[in-house]
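Below is one structure, written out as structure tokens; comments come after it.
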Amino acid sequence: PASAHRSDAGAITIGGISAPDLAARFGTPLYVVDETDARTRAAELRAAFDTEFARIGTTVKVYYAAKAFLSTEIARWMVDAGLNIDVCSGGELAVALAAGVAPARIGFHGNNKSRTEIDEATRVGVGTIILDSPIEIVRVAEAARRHNTVQNVRLRVNSGVHAHTHEFLATSHEDQKFGVVFEDAPSLVAAIRAESSLNFLGLHCHIGSQIFGVDGFAESASRLLSLHAELLTGGPVPELNLGGGFGIAYTSVDDPSPVADLAAGLADIVAAECARRGIPLPVIAIEPGRVIIGPAGVTLYEVGTIKPVRVGDNTRLYVSVDGGMSDNARPALYGAEFSVRLADRVTDAPPALVRLAGKHCESGDIVVDADYLPGDVAPGDLVMVPATGAYCWSLASNYNYLGRPAVVAVADGEARVIVRGETIEDLLARDTGVSTSSTSGV
Ligand code: LLP
């Protein structure tokens with residue numbers, strides 16, 4: 001995060017608090033979120049998109065993709081910054097509502113929303129539901145009728161552009177579970193328009209995540225606007241949702257486009273495509289998650305064991321920490337790369353190539369595949385893995401009965417727990433076979 005730096009004493013400080021202080025107060029592993037940084041990223045992203053879309057003559061609605069990292073606090077930071085909240089399950093909806101987010105600011109996603117979820121979303125009056133299949137048109141229309149309401153909906157289409165990580169490739173026949181087939185959209189929109197309990201807002205498309213350049217978004221926006229223009233012949237289409245997916249730097253080789261450049265590039269393509277087709281500019285919606293919260297979070301671990309392993313002519317130091325794939329599944333799931341830094345002190349020791357391993361019982365339990373730490377790294381040292389704010393806590397598990405770590409928010413030299421860590425008592429409490437009698441087994 002922006003505030004992370006080395007203090008005079010050599011320890012890394014985040015939000016004005018030193019890493020050793022945080023570890024001493026809250027234990028390790030620990031997720032630390034820099035509140036100021038998260039709020040600033042949200043506000044700056046919104047300002048960049050506001051500015052660029054105002055330049056072309058329309059407005060933009062920014063939804064924070066809550067799947068990246070959601071707690072009631074984080075939801076409130078996003079709303080304070082003028083963002084809406086995008087949820088994709090009844091659980092995420094419940095957290096957003098518990099945070100006091102106005103239902104009208106919530107967008108509800110999912111390729112298999114349950115009847116209960118649809119019922120709840122229409123009952124509380126979420127701002128939009130993103131329809132993901134023909135079946136949902138009927139289900140949502142029926143639920144809205146039951147609650148005597150008219151539900152705003154978007155239709156998620158598959159634009160055939162599938163952007164993944166650094167490149168994008170276009171295929172005419174996408175084979176994936178999200179959205180409806182591009183060519184089917186006109187008849188499905190007609191079906192939506194025929195339902196008096198539904199109000200069609202426009203199309204939605206999300207092409208992927210951790211995308212660095214504007215090309216994939218531009219290609220998708222251009223295809224969507226051709227469909228959008230076609231739909232205008234049958235009635236109003238006030239909005240167009242371009243999804244999320246803006247990438248961040250996890251290591252020094254990552255080079256994502258700055259948010260301001262993405263905003264400018266997207267505004268240009270939307271303006272050009274609308275002008276070319278002679279159609280009015282829609283209100284644009286976007287749903288970024290990672291780019292807002294990813295860089296704002298770090299994970300602190302304590303080093304436990306260190307083992308030199310000979311690899312050919314070289315030696316690799318396996319540095320094992322007190323967490324791992326249960327608090328950061330991304331390396332194991334996606335081969336994702338992270339970096340590591342010594343967080344408690346500075347030293348003149350020459351750098352050593354290390355692999356930061358977790359404590360779980362499998363060899364794929366690696367947090368950082370390859371990076372350098374000072375060669376005198378020792379048990380008891382504290383290390384920091386940056387850029388763990390997105391899709392780490394939200395993907396956490398209890399593998400090997402590790403409790404999920406606490407989340408601490410830091411700002412201006414103050415730290416407070418925003419989600420407490422799980423204890424073994426929490427985990428045992430769900431096991432119905434645990435005896436409640438203290439004399440058992442004696
Ligand atoms: N909108 C929709 C419909 C999405 O499915 C997603 C992410 C987003 C927005 C937000 O994307 P973002 O701006 O955060 O890239 N667990 C994976 C990422 C999965 C993304 C799922 N959908 C990871 O850790 O890389």
>> Of the residues Asp376, Asp365, Asp381, only one is over 25 Å from Ala24 (Cα atoms), among the charged types (D, E, K, R), at pLDDT 95 or above and assigned by TED's automatic domain parsing to the domain that holds Lys307; which?
In response: Asp365
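Any residue in the range 300-312 that is touching a residue at least 12 places away in the same chain (Cβ under 8 Å) and either assigned to a loop (DSSP other than H, G, I, E, B) or within 16 Å of the ligand (Cβ to nearest atom) (or both)? Explain how you work it out, then say what you get.
Keep residues of the range 300-312 that are touching a residue at least 12 places away in the same chain (Cβ under 8 Å), which gives 300-307.
Adding the requirement that they be either assigned to a loop (DSSP other than H, G, I, E, B) or within 16 Å of the ligand (Cβ to nearest atom) (or both) leaves none.
Scanning the range 300-312, I find no residue that is touching a residue at least 12 places away in the same chain (Cβ under 8 Å) and either assigned to a loop (DSSP other than H, G, I, E, B) or within 16 Å of the ligand (Cβ to nearest atom) (or both), so the answer is no.
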> So which residues in the range 355-402 are more than 30 Å from Gly244 (Cβ to Cβ) and small (Gly, Ala, Ser)?
Replying inline: Ala357, Ser363, Gly375, Ala378, Gly380
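Do we find that Glu239 is touching a residue at least 60 places away in the same chain (Cβ under 8 Å) and surrounded by 15 or more Cβ atoms within 10 Å (Cβ to Cβ) in this structure? Outline the logic, then answer.
Values: touching a residue at least 60 places away in the same chain (Cβ under 8 Å): yes; surrounded by 15 or more Cβ atoms within 10 Å (Cβ to Cβ): yes.
Yes: the conditions hold for Glu239.
Are any residues in the range 73-86 touching a strand residue (DSSP E or B) at 6+ places or on another chain (Cβ under 8 Å) and outside any loop (DSSP other than H, G, I, E, B), and if so, which ones? Explain how you work it out, then say what you get.
From the range 73-86, those touching a strand residue (DSSP E or B) at 6+ places or on another chain (Cβ under 8 Å) are 73-75, 78-79, 82-86; that's our starting set.
Scanning the range 73-86 gives Glu73, Ile74, Ala75, Met78, Val79, Asn84, Ile85, Asp86.
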>> So in the range 376-403, with the set limited to residues that are of a type in the set (Ser, Thr, Tyr) and assigned to a helix (DSSP H, G or I), which one is nearest to the ligand (Cβ to nearest atom)?
In response: Ser394
> Hey, among the residues in the range 104-122 that are without any contact (Cβ under 8 Å) to a residue 60 or more places away in the chain, crowded, with 24+ Cβ neighbours inside 10 Å and under 19 Å from the mean Cα position of the chain (by Cα), which one's nearest to the ligand (Cβ to nearest atom)?
Replying inline: His109
> Considering Gly413, Gly324, which residue is in contact (Cβ under 8 Å) with a residue 12 or more places away in the chain, surrounded by fewer than 16 Cβ atoms within 10 Å (Cβ to Cβ) and on the phi > 0 side of the Ramachandran plot?
Replying inline: Gly413
> Filtering the range 22-41 down to residues that are assigned to a strand (DSSP E or B) and among the hydrophobic types (A, V, I, L, M, F, W, C), which residue is nearest to Val259 (Cα to Cα)?
Replying inline: Val33
>> Just to be sure I understand, how many residues within the range 240-283 are within 15 Å of the ligand (Cβ to nearest atom), under 17 Å from Cys205 (Cα atoms) and among the hydrophobic types (A, V, I, L, M, F, W, C)?
In response: 6
>> Looking at Leu203, Leu232 in this structure, which one is hydrophobic (A, V, I, L, M, F, W, C) and surrounded by 22 or more Cβ atoms within 10 Å (Cβ to Cβ)?
In response: Leu203
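Being touching a Phe, Trp or Tyr at 6+ places or on another chain (Cβ under 8 Å), modelled with pLDDT under 95 and either on the phi < 0 side of the Ramachandran plot or aliphatic (A, V, I, L, M) (or both) narrows it down to one residue among Val259, Val291, Val309; which is it? Talk me through it step by step, then tell me what you get.
Values: Val259 fails: modelled with pLDDT under 95; Val291 fails: modelled with pLDDT under 95.
When all the criteria are applied, what remains is Val309.
Given the condition more than 18 Å from Val283 (Cβ to Cβ), polar (S, T, N, Q) and without any contact (Cβ under 8 Å) to a residue 60 or more places away in the chain, answer yes or no: does some residue in the range 37-55 qualify?
Just the residues of the range 37-55 that are more than 18 Å from Val283 (Cβ to Cβ), to begin with: 37-44.
Adding the requirement that they be polar (S, T, N, Q) leaves 40.
With the extra rule that they be without any contact (Cβ under 8 Å) to a residue 60 or more places away in the chain, the set shrinks to 40.
Yes: the range 37-55 contains one or more residues that are more than 18 Å from Val283 (Cβ to Cβ), polar (S, T, N, Q) and without any contact (Cβ under 8 Å) to a residue 60 or more places away in the chain.
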>> Between a residue in the range 380-392 that is touching a residue at least 60 places away in the same chain (Cβ under 8 Å) and closer than 17 Å to Phe69 by Cβ and any residue that is within 16 Å of the ligand (Cβ to nearest atom) and basic (Lys, Arg), which pairs come within a Cβ distance under 8 Å, given they are 6 or more apart or on different chains?
In response: Ala390/Arg290; Tyr391/Lys67; Tyr391/Arg290; Tyr391/Arg330; Cys392/Arg330
> Consider Glu174 against the criteria (1) more than 25 Å from Val95 (Cβ to Cβ); (2) at pLDDT 85 or above: it satisfies all of them except one. Which criterion is unmet?
Replying inline: (2)
>> Is it the case, given these coordinates, that Thr51 is within 27 Å of Glu239 (Cα to Cα), of a type in the set (Ser, Thr, Tyr) and not in a loop (DSSP other than H, G, I, E, B)?
In response: yes
> With respect to Ala396, is the statement that it is assigned by TED's automatic domain parsing to the domain that holds Val354, on the phi > 0 side of the Ramachandran plot and within 18 Å of the chain's Cα centre (by Cα) true?
Replying inline: no
> Only one residue in Leu240, Leu266, Leu281 is in the same structural domain as Glu195 (by TED's automatic domain parsing) and in a helix (DSSP H, G or I), so which one is that?
Replying inline: Leu266
> Yes or no: Ala343 within 16 Å of the ligand (Cβ to nearest atom), of a type outside the set (Val, Ile, Thr) and either surrounded by 14 or more Cβ atoms within 10 Å (Cβ to Cβ) or within 21 Å of Gly380 (Cα to Cα) (or both)?
Replying inline: no
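The values are calculated or read from the model by the stated rules, or taken from the named source; none is laboratory data. Not measured: the values here are computed from a predicted model. FYI the Cβ positions are ideal-geometry reconstructions off the backbone, even for glycines, and counts take in every protein chain you see.
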